[in-house]
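To keep things clear, I will list the structure first and then write my remarks on it.
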Amino acid sequence: MTKEEKAVIIGELSEKFAATPYFYITDTAGLTVAEVNAFRRLCFQRGLEYRIVKNTLIAKALETTGTDYTPFNDTVLKGMSGVIFSPENPKTPAKLIKDFKKEAGKDKIRFKGASIEGGLFIGEDQLAALENVKSRQEMIGDIIGLLQSPAKNVVSALQSSGGKLAGILKTLSEREG
């Protein structure tokens, strides 16, 4: 690979890392070519992009992002690496990896690390935590729900109290008559 080709790949990866808030790095050294193709198809079906790239090129592209990814250097960027880019949901790749491990075998694919909005997750033990990460939209929905809850309770109490009060007044007016 020439320097120009490497520069083009680094440029493309830099743009991807800058534009994609969630990415995972995996080791697929245990997969056959057919299994890698099946994994790529699964990624595509779930709206993800999967690329196998040299670790040095990944490291150089990450340096251009402005985020400190040096913790990846000693553990994540060793051996064979593939990058899963997830533009919308942080937990889709985690579920994909887990599902693929069930189907193809636990040793076939290994989760090495991930970046979720600049937060780093390193090691296989972090995969379960990543499955439960909420997307920005889910968190906003939870916050709106929490903010609406007290207002709904007040409105509900006023409506039920108003109904009770009207019922009492009606009963009293019928007794007098």
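The values are calculated or read from the model by the stated rules, or taken from the named source; none is laboratory data. Every value quoted in this text rests on a predicted model; they were computed, and no experiment measured them. A quick note on method: Cβ atoms are made from the backbone with ideal geometry, for glycine too, and the neighbour counts reach across all protein chains shown. Just the protein is used for accessible areas: all its heavy atoms, side chains included, with ligands, DNA and RNA removed. Shrake-Rupley method; radii C 1.70, N 1.55, O 1.52, S 1.80 Å.
Filtered by the rule that a residue be in contact with a strand residue (DSSP E or B) (Cβ under 6 Å, 6 or more places away or on another chain) and among the aliphatic types (A, V, I, L, M), the range 66-85 gives Val76, Met80, Val83, Ile84. In this structure, does Glu88 turn out to be within 24 Å of Ala129 (Cβ to Cβ), modelled with pLDDT of 90 or more and surrounded by fewer than 22 Cβ atoms within 10 Å (Cβ to Cβ)? Spelling it out, it is not the case that Glu88 is within 24 Å of Ala129 (Cβ to Cβ), modelled with pLDDT of 90 or more and surrounded by fewer than 22 Cβ atoms within 10 Å (Cβ to Cβ). With respect to the conditions (1) in contact with a Lys or Arg (Cβ under 6 Å, 6 or more places away or on another chain); (2) open to solvent by 80 Å² or more (accessible area, probe 1.4 Å), Val83 lacks only one, and its number is (2). Contact map, the range 69-81: residues that are part of a helix (DSSP H, G or I) paired with residues that are open to solvent by 20 Å² or more (accessible area, probe 1.4 Å), Cβ distance under 6 Å, separation 6+ or inter-chain. Pairs shown: Pro71/Leu120; Thr75/Ile122. Spot the failing condition for Ile52; the list is (1) of a type in the set (A, V, I, L, M, F, W, C); (2) surrounded by fewer than 16 Cβ atoms within 10 Å (Cβ to Cβ); (3) in contact with a Phe, Trp or Tyr (Cβ under 6 Å, 6 or more places away or on another chain), and only one is missed. All conditions are met except number (3).
Scanning the range 17-53 for residues that are farther than 25 Å from Glu103 by Cβ and either modelled with pLDDT of 90 or more or touching a Leu at 6+ places or on another chain (Cβ under 9 Å) (or both) returns a single hit, Phe17. Within the range 82-122, the residues that satisfy the criterion of being part of a strand (DSSP E or B) and farther than 23 Å from Lys54 by Cβ are Ile116, Gly119. Apart from one condition, Lys112 fits all of (1) open to solvent by 40 Å² or more (accessible area, probe 1.4 Å); (2) within 22 Å of Leu130 (Cα to Cα); (3) of a type in the set (D, E, K, R); the exception is (1). When you scan the range 49-66, do you find a residue that is touching a Cys at 6+ places or on another chain (Cβ under 7 Å) and free of Cβ contacts under 8 Å to residues at least 40 places away in the same chain, even just one? Scanning the range 49-66 turns up at least one residue that is touching a Cys at 6+ places or on another chain (Cβ under 7 Å) and free of Cβ contacts under 8 Å to residues at least 40 places away in the same chain. Among the residues of the range 1-46, those identified as open to solvent by 70 Å² or more (accessible area, probe 1.4 Å) and acidic (Asp, Glu) are Glu4, Glu5, Glu12, Glu15.
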